[in-house]
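The values are calculated or read from the model by the stated rules, or taken from the named source; none is laboratory data. Since the model is a prediction, treat every value here as computed from it, not as a measurement. Neighbour counts are summed over all protein chains in view; Cβ atoms, including those assigned to glycine, are modelled from backbone coordinates with ideal geometry. Surface areas here come from the heavy atoms of the whole protein model, side chains and all, with no ligands, DNA or RNA. Shrake-Rupley method; radii C 1.70, N 1.55, O 1.52, S 1.80 Å.
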Amino acid sequence: MKLNGRKTGFLLFFISLAVFVLSSFTVMAREEGLPTELLIFEEVPVVITASKYEQPITEAPSTISIITSEEIRQSGIRNIPELLRSLPGVEIITSKASQTDVGIRGDLGLLYNGLLVMIDGRSVYQDFQGATAWRRLEIGLEEVDRIEIIRGPGSALYGANAFTGVVNIITKSPEKMKGTLVSLSGGNFSSRDLALYHADVKDNFSYKVSGGWEETDRWNNPGEDSMDASRFNGVVEYEIDEKSKFVLSTGMNTGESEIFLSGMGGTYDMDIDSTYLKAEYKHPQGYIRTFWNRNKVEGSRQGAMNLRISALSNVSDLELQHSFDFDFCVGHHVTWGASYRHNTISSGQLDESHESNLFAVYLQDELRLNDKLLLNLGARFDHHPISKEVSPRGSLIYIPKEDHVVRLVAGTSFRAPSYVELYSNTTQGIITFLGNRDLNPEEIVSYDVGYEFPMFKKKAKGRINFFYNEMDKIIEDILIAPLPPTFMYFNDGKKNVRGCEAGLDFLITDWLTGFTNYTYQRVKDGPVGTRNSAPEYKVNTGLRCNFDNGLSAGVTAHYVDTYETDTTMGKVDSYVLLNGRIGYKFPNTDTEIAIAVYNMLHDRLRQYSTGDEVGTKGTLTINCKF
């Protein structure tokens with residue numbers, strides 16, 4: 001359904017604001033106030049991703065959002081990337097039933113590789129192309145404790161791929177998951193998601209294991225699998241003393257998925273196998289972490305079995321971090337760390353097998369200037385085979401009074417060229433793609449000003465952010481020969497994104513909560529301009545109900561303005577995506593049944609110009625814990 005552009009977005013935004021304001025005045029007119037435990041600001045969330053150590057979210061040196069496990073449950077959404085759609089400044093493309101890609105603040109695309117994605121601090125992007133297989137993670141949705149999302153460059157702490165942001169998926173501890181949980185989901189398009197979780201604690205030892213199987217048909221061809229995959233994850237923890245512990249974890253995901261490549265790449269049926277092993281020593285003052293990731297992909301283009309893609313990569317990573325406090329004129333909290341990463345990769349699409357060694361050191365100092373003012377300064381040095389990069393970041397946080405936060409952030413970041421961009425030597429049909437060993441990293445300079453504040457006697461929390469991102473040396477595939485068509489990668493792109501994000505979380509009654517947010521962003525491409533553009537306006541709004549009798553319900557609406565996907569592939573028409581859920585938790589049990597509908601308006605909409613039309617999907621989920 002085509003919509004009248006920004007008018008529809010503004011209408012959704014102001015309707016949700018009007019609902020909140022009118023209902024708030026009604027509630028305040030008949031009652032003095034809500035119980036203390038229901039106030040939005042009564043408990044300040046703690047985050048870890050912004051500084052690599054636990055801190056109140058009000059003191060985080062980056063613009064950061066949290067999605068909690070309760071919000072995940074009430075959303076009815078059954079995959080992690082779709083959960084991020086409700087946040088301001090987050091770009092979502094669902095191009096296949098099995099493929100959803102995520103970008104930040106006007107930078108996005110198929111198999112987007114400018115966002116660092118982690119599970120409990122372990123990077124999960126595939127080094128071959130730098131992208132994340134969002135639908136093929138080793139964990140299940142029910143074991144996610146929270147998701148922390150940084151909107152803004154993160155190379156000052158995380159290095160190369162934290163170009164426009166960082167997503168850290170934090171899982172529940174065995175203590176939180178103690179017991180056995182069975183989760184069964186099914187719906188149209190032959191969608192099925194079956195999962196089993198078990199966790200227990202024995203003296204100083206604790207453990208959790210999970211396994212699952214997920215399948216769904218294609219949007220454009222029901223009856224044909226878009227994804228058929230199995231997963232496993234296991235964690236063992238040993239508590240050394242009250243402050244420190246050792247954690248060992250392993251997991252895998254194996255099966256088939258459709259993968260849609262941009263441009264003339266087409267859709268490939270891919271066998272994807274991922275395995276990891278991680279060991280970590282944790283202490284309040286730091287950690288030592290090592291992990292191994294193995295990713296194998298192999299498949300052929302739909303309708304052209306002779307066009308194949310294959311890659312095998314192994315990553316070994318070691319990182320240590322230490323924090324300490326001291327006083328010199330003001331209070332200092334210093335964090336330093338070092339990391340080493342070894343990559344090996346072989347692929348039929350590369351000129352030869354490759355390996356690389358990456359070294360990095362970083363330093364961050366949080367200066368508590370007084371009770372209301374914090375200054376956070378940090379930088380990281382990365383030694384890559386093709387370059388040496390220094391990424392600084394500075395943040396000034398001013399807390400003028402309780403629950404009010406003003407945040408100013410400036411920093412730089414970079415994205416190292418992927419193996420595909422450096423070393424490609426492949427022909428798909430009549431089209432040849434060549435890598436370029438002379439590529440430089442992509443660069444971004446970012447500025448961010450934000451203000452968070454309470455409203456209506458702490459029944460609401462408002463926030464507004466203004467940002468400006470200047471990107472340079474963007475890597476583009478450029479036609480260098482017309483016959484036969486030959487493309488090569490060059491640092492020819494430039495891009496500026498400036499925008500504003502405004503949002504409100506509100507509590508109307510003790511059983512009704514809601515949110516609304518609005519994003520405006522103006523994307524200005526450079527002379528080449530083939531990097532995917534982004535919608536100028538976006539609105540997200542939602543209401544959630546929880547009743548004492550076990551009933552719960554929720555609805556979310558997302559408006560996305562018209563935008564060009566790139567200069568050759570056309571545009572995406574504006575659309576409204578409406579999702580809903582209703583659930584019932586049986587009394588005196590840990591059993592809940594829920595029905596969720598994705599795309600309730602039944603519009604055959606596209607989120608990428610040449611992607612599949614996204615249909616309506618209904619899902620029945622039963623969770624039983626004992």
Next item on the list: Using the heavy atoms of the protein chains and a 1.4 angstrom probe, tell me the accessible area per residue for the stretch 87-214 in square angstrom.
Entry: 24 Å²
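Please report, as a whole percent, how much of the solvent-accessible surface of the chain comes from carbon and sulfur atoms (probe radius 1.4 Å). Intermediate results must be reported in sequence, preceding the final value.
Details: 15120 of 25900 Å².
Answer for the chain: carbon and sulfur cover 58 percent of the accessible area.
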Checklist line | Shape category assigned to the stretch 84-139 from the gyration tensor of Cα positions, a/c cut at 1.5 | finding: rounded
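Among rounded, prolate and oblate, which fits the chain when a ≥ b ≥ c are the square roots of the eigenvalues of its C-alpha gyration tensor, a/c under 1.5 means rounded, and a/b larger than b/c means prolate? Walk me through the numbers before you get to the answer.
On the way: a/c = 1.28, a/b = 1.16, b/c = 1.10.
Rounded.
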Next item on the list: For the stretch 533-624, just say rounded, prolate or oblate: build the C-alpha gyration tensor, square-root its eigenvalues into a ≥ b ≥ c, call rounded for a/c under 1.5, and beyond that prolate if a/b exceeds b/c, oblate if not.
Entry: prolate
Checklist line | Within straight-line cross-link reach of LYS457, lysines at Cα separation under 25 Å, skipping those fewer than 8 residues along the same chain | finding: LYS372, LYS401
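Where does the charge balance sit around LYS176 when Lys and Arg score +1, Asp and Glu -1, over other residues with C-beta under 15 Å from its C-beta?
Details: positive: ARG73, ARG146, LYS172, LYS178, LYS208, LYS245, LYS625; negative: GLU70, ASP120, GLU142, GLU143, ASP145, GLU175, ASP200, GLU237, GLU239, ASP590.
So the environment of LYS176 carries a net charge of -3.
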Next item on the list: Per DSSP H run of n ≥ 4, the term is -39500 (n - 2.57); total these for the chain, divide by its residue number, and report the mean residue ellipticity at 222 nm rounded to 500 deg cm²/dmol.
Entry: -2000 deg cm²/dmol
Notebook entry, point to check: When ligands, DNA and RNA are left out and all protein chains stay put, how many square angstrom of accessible area per residue does the stretch 457-523 have with a 1.4 Å probe?
Noted result: 42 Å²
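So what is the accessible area of the stretch 352-402 per residue, in Å², with the probe set to 1.4 Å?
Values: 2750 Å² over 51 residues.
With all protein chains present, the stretch 352-402 gives 54 Å² per residue.
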Notebook entry, point to check: Can you list the lysines whose alpha carbon is less than 24 Å from that of LYS617, not counting same-chain residues fewer than 8 positions off?
Noted result: LYS2, LYS96, LYS538, LYS585
Note to self: Loop only by DSSP, 14 or fewer other Cβ within 10 Å of the Cβ. Give me the trypsin sites (Lys or Arg not before Pro) in the stretch 150-194 that pass, ordered by residue number.
What the structure shows: LYS176
